[in-house]
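What follows is one structure encoded as structure tokens, with my remarks underneath.
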Amino acid sequence: MSVNMNEMPKLGFGLMRLPETDGKIDMDEVCRMVDMYMEAGLNYFDTAYVYHGGKSEIAAKEAIVKRYPRGSFRLATKLPAWEMKEKSDRDRIFKEQLDRAGVDYFDFYLLHSVENGNIDTYEKFDCFNWGLQKKAEGKIRHFGFSFHGSPDLLESVLDRHPEVEFVQIQLNYADWNNPVVRSGQLYNILLKRNIPMIIMEPVKGGSLASLKPEFEAIYKALRPESSAASWAFRFVASLPGIMTILSGMTHEDQMRDNIATFTHFEPLNDEERKAIEDVTAAMLNIPLIGCTACRYCVDGCPMKISIPDVFRALNTMSLYNETFRPRMFYSGLIDTGHGRASDCIACGQCEGVCPQHLSIIDLMKEAASKLDV
């Protein structure tokens with residue numbers, strides 16, 4: 001059974017950046033957000049084995065599975081290569097995921113973050129055929145993978161595995177021509193092959209939702225009531241071949257704004273496309289760290305450095321030409337038990353799992369020079 005794109009909601013609820021209170025997922029707010037989302041006629045939820053330190057799938061159980069009929073929502077999760085040491089780990093992890101989420105099957109199941117550094121693991125443990133087996137058993141409805149590799153690798157994987165039903169890629173207007181992410185090239189490969197796409201990072205980890213005032217003014221001149229985030233979503237949703245666009249929403253205001261964008265969706269017109277081109281050109285003249293705050297680097301850091309938050313402080317310094325707020329934010333990280341940038345021991349664990357292939361060790365040195373003062 002292939003994916004029917006016409007039945008899929010354009011906005012998906014990503015469960016990677018859920019609200020937290022005192023270091024724990026705020027289930028009351030999550031339930032309110034789920035209710036708002038479902039009441040809008042939307043029903044695609046995306047989680048993963050590693051999100052929120054393994055708590056995201058459990059949150060899905062509490063906020064969705066226990067509160068709504070199984071047939072009323074679609075739940076997606078992922079198998080992480082970096083958690084597998086032997087072939088039996090596939091079934092061990094899968095069973096744990098079913099138990100965590102409290103379901104008998106997953107509507108969508110993905111091999112997580114396929115890239116040059118882990119494709120051999122997925123191949124060695126025969127994960128593609130394993131996924132098809134789970135589908136035949138009725139434990140998976142649709143099987144695909146998320147991707148953070150090169151265009152050449154994507155072509156190679158698709159050539160070897162034409163059985164995949166969909167692919168999830170990072171795509172936004174800032175990364176369209178990014179020489180590392182290469183969103184535009186990945187998109188065109190999948191479009192040419194007529195493979196449905198699920199899109200992650202449409203607002204680039206939130207950076208396209210909070211623009212410099214002079215950039216946002218370009219958008220406000222055309223649509224005074226529209227948020228910067230809505231422009232990022234409309235850019236992606238105006239492209240053909242897009243099945244669902246994920247948003248890792250943290251607050252109810254984000255949910256309201258996103259629902260408004262998609263409830264009465266308007267594709268970009270030529271004037272609006274030109275505005276996005278102008279904003280993109282201006283943004284790319286400012287050197288920023290391309291971190292999307294996926295937090296894969298955090299759990300394994302022996303010095304407990306909250307690497308994405310350190311980068312957030314550096315990017316804020318660059319974008320807004322200020323030091324006080326970023327340094328106050330950074331001090332708050334240290335006060336809550338996180339390591340300093342200068343504590344980095346250059347072990348390389350973070351660089352090995354970074355989907356954006358950032359030179360984190362060098363960036364930690366830069367952060368230490370600007371923040372540990």
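Only the coordinates and a few stated rules stand behind these numbers; no lab work does. Being a predicted model, the structure only gives us computed values, none of them experimental. Cβ: placed from backbone, ideal geometry, glycine included. Neighbour counts: every protein chain shown.
With both partners inside the chain, how many of the DSSP beta bridges are antiparallel, as a percent to the nearest 5? Before the final figure, lay out the partial values.
Values: 2 of 32 bridges.
Expressed as a percentage, antiparallel bridges in the chain total about 5.
Of the residues PRO151, PRO19, PRO302, which exhibits the maximal mean-square fluctuation in a Gaussian network model of the chain defined by a 10 Å Cα contact cut-off?
Sorting by GNM fluctuation, first place goes to PRO302.
Which one of TRP130, THR263, THR77 is farthest out on the positive end of the charge dipole of the chain, using unit charges on Cβ (Lys, Arg +1; Asp, Glu -1) and the Cα centre as origin?
Projecting each Cα onto the dipole axis, the largest value belongs to TRP130.
Which of rounded, prolate or oblate describes the chain when judged by the alpha-carbon gyration tensor and an a/c cut-off of 1.5? Please report the intermediate quantities before stating the final value.
Values: a/c = 1.39, a/b = 1.17, b/c = 1.19.
Rounded is the answer for the chain, as its axis ratio a/c remains below 1.5.
Let's see if you can work this out: charge +1 on each Lys and Arg Cβ, -1 on each Asp and Glu Cβ, no other charges. What is the dipole magnitude of the stretch 5-283 about its Cα centre, in debye to the nearest 20?
Working: 34 positive and 43 negative charges, 111 e Å.
In total the dipole reaches around 540 debye.
For the stretch 56-103, run through the trypsin sites (Lys or Arg not before Pro) and keep only the ones in DSSP coil with at most 10 other Cβ atoms within 10 Å of their Cβ. Before the final figure, lay out each step's value.
On the way: sites: LYS61, LYS66, ARG67, ARG70, ARG74, LYS78, LYS85, LYS87, ARG90, ARG92, LYS95, ARG100; in loops: LYS66, ARG67, LYS85, LYS87.
Answer by residue number: LYS66, LYS85.
Treat the count of other C-beta atoms within 10 Å as a stand-in for reagent exposure and order ILE93, ILE64, ILE276, ILE245 from fewest to most. If you can, show how the numbers build up before the last one.
Working: ILE93 17, ILE64 26, ILE276 21, ILE245 29.
Neighbour counts put them in this order, fewest first: ILE93, ILE276, ILE64, ILE245.
Please arrange TYR109, TYR49 by how many other C-beta atoms lie within 10 Å of their C-beta, fewest to most.
Values: TYR109 24, TYR49 18.
Ordered from fewest to most neighbouring Cβ atoms within 10 Å, TYR109, TYR49 come out as TYR49, TYR109.
Just from its helices, what would the mean residue ellipticity at 222 nm be for the chain, if runs of 4 or more DSSP H residues each count -39500 (n - 2.57) and the sum is divided by every residue, rounded to the nearest 500 deg cm²/dmol?
Numbers: 15 runs with 154 residues, N = 373.
The helix contribution divided over the chain gives -12000 deg cm²/dmol.
Taking a ≥ b ≥ c as the square roots of the eigenvalues of the Cα gyration tensor of the stretch 179-289, is the shape rounded (a/c under 1.5), prolate (a/b larger than b/c) or oblate? Write down the numbers at each step before the final one.
Details: a/c = 1.45, a/b = 1.19, b/c = 1.22.
Note, shape of the stretch 179-289 comes out rounded.
Provide, as a two-decimal number, the C-alpha radius of gyration of the stretch 42-106 over 2.2 N^0.38 Å, N being how many residues it has.
Numbers: Rg = 11.9 Å, N = 65, 2.2 N^0.38 = 10.7 Å.
That ratio works out to 1.10.
Convex hull over the Cα atoms of the stretch 1-115, averaged projected area in nm²? Intermediate values should be presented prior to the final figure.
Working: hull surface 32.6 nm².
For the Cα atoms of the stretch 1-115, the hull's average projected area reads 8.1 nm².
Any lysines with Cα under 29 Å of the LYS220 Cα? List them, leaving off those in the same chain fewer than 8 positions away.
LYS10, LYS204, LYS212, LYS274
Given springs between every Cα pair under 10 Å in a Gaussian network model of the chain, which of LEU158, LEU186, LEU18 has the largest fluctuation?
Comparing LEU158, LEU186, LEU18 in a Gaussian network model of the chain, the most mobile one is LEU158.
May I ask for the distance between the Cα centers of the stretch 115-133 and the stretch 1-25, given as a whole number of Å?
24
Could you tell me whether the stretch 269-373 comes out rounded, prolate or oblate from its Cα gyration tensor? Rule is a ≥ b ≥ c as square roots of the eigenvalues, rounded for a/c under 1.5, then prolate if a/b exceeds b/c, otherwise oblate.
On the way: a/c = 2.50, a/b = 1.65, b/c = 1.51.
Prolate.
Compute the separation of the alpha-carbon centres of the stretch 341-369 and the stretch 135-213 and state it in Å as a whole number.
When both Cα centres are located, 25 Å separates them.
Could you tell me the distance between the Cα centroids of the stretch 228-307 and the stretch 34-89, to the nearest Å?
What the calculation gives is 21 Å, centre to centre.
Any aspartates and glutamates with Cα under 12 Å of the LYS87 Cα? List them, leaving off those in the same chain fewer than 8 positions away.
Counting by Cα, and skipping residues close in sequence, LYS87 has these aspartates and glutamates nearby: GLU123, ASP126.
With springs connecting C-alpha atoms under 10 Å apart, model the chain as a Gaussian network and identify which of ALA229, ALA221, ALA209 has the largest mean-square fluctuation.
Sorting by GNM fluctuation, first place goes to ALA221.
Mind checking the alpha-carbon convex hull of the stretch 125-250 and giving the volume per residue in Å³? Don't jump to the answer; show the numbers that get you there.
Values: hull volume 16.7 nm³, N = 126.
Cα-based convex hull of the stretch 125-250, divided per residue, equals 133 Å³.
Longest exposed-loop-site-free stretch of the chain, with GluC sites (Glu not before Pro), DSSP loop and at most 14 other Cβ within 10 Å?
Working: sites that count: GLU86, GLU137, GLU163, GLU225, GLU322.
The answer is 226-321.
Please list, or write none, the lysines whose alpha carbon is within less than 16 Å of the alpha carbon of LYS61, excluding same-chain residues fewer than 8 places away.
Partners found: LYS24, LYS78, LYS95.
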